[in-house]
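No value in this document is a laboratory result; all are computed from the given coordinates. Keep in mind it's a predicted model, so treat the numbers as computed, not measured. Because the Cβ atoms are built from the backbone with ideal geometry, glycine has one as well, and the counts that use them run over all protein chains shown.
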Amino acid sequence: MNLEIQTTTRTELIDITDSVRAIVKESGIKNGICVISTPHTTSAIIVNENERRLRVDILGMLETLVPENKSYAHNSIDNNADAHLRAVLLGMSEIIPIEDGHIILGTWQRILFVELDGPRNRNVNVTIIEK
Ligand code: ZN
């Protein structure tokens, strides 16, 4: 299944947990795994708490580790090397178990799409494998 996401700023975190839960429910699969992946080189999928100040801190961490305004080789192509490098650090997918028809997440865990070079139209693929 494909999820379409319209992002609105250059960098942001978007909670897609409810959409993933709906896809798992619709699949009718009771036990297995759910793979959430993004096919873009400047976005990522992470699992963490969706709390406003933490979202600010995560983006701040990325700016500290991979500053936006630095001289990168790739910037001579399309000026978004920082977005690619941040995507490398975060990764393009997460795998979550499904038990009794529900994805297994901790109380504070949410599935977050990370936009690193928006605003853009983005896709997220949700692949469910039955056990
Ligand atoms: Zn690029």
* Which of the chymotrypsin sites (Phe, Trp or Tyr not before Pro) across region 57-131 are loop residues per DSSP, with 11 or fewer other Cβ within 10 Å? -> TRP108
* Size of electric dipole in the chain: Cβ of Lys, Arg +1 and of Asp, Glu -1, about Cα centre, debye, nearest 20 -> 40 debye
* **Under Karplus coefficients 6.51, -1.76 and 1.60, residue-wise ³J(HN,Hα) of region 77-94 in Hz, glycine/proline x** => 8, 9, 6, 9, 4, 4, 5, 4, 5, 5, 5, 4, 5, 8, x, 9, 7, 9
* Neighbour-count ranking [beta-carbon atoms within 10 angstrom, fewest first] of ILE36, ILE128 -> ILE128, ILE36
* Asked: When the chain is fully extended, how far beyond the present Cα-Cα distance does ARG120 get from THR41, taking 0.36 nm per residue of separation?
  -> 27.2 nm
* To do: Give me ILE111, ILE103, ILE77, ILE46 ranked fewest to most by other Cβ atoms within 10 Å of their Cβ, as a rough exposure proxy.
  => ILE77, ILE46, ILE103, ILE111
* If you take the Cα Rg of the chain and divide it by 2.2 N^0.38 Å, with N the number of residues, what do you get? -> 1.11
* Structure fact -> Cross-link reach from LYS131 to lysines, straight Cα distance under 22 Å and at least 8 residues apart if same chain, gives LYS25, LYS30
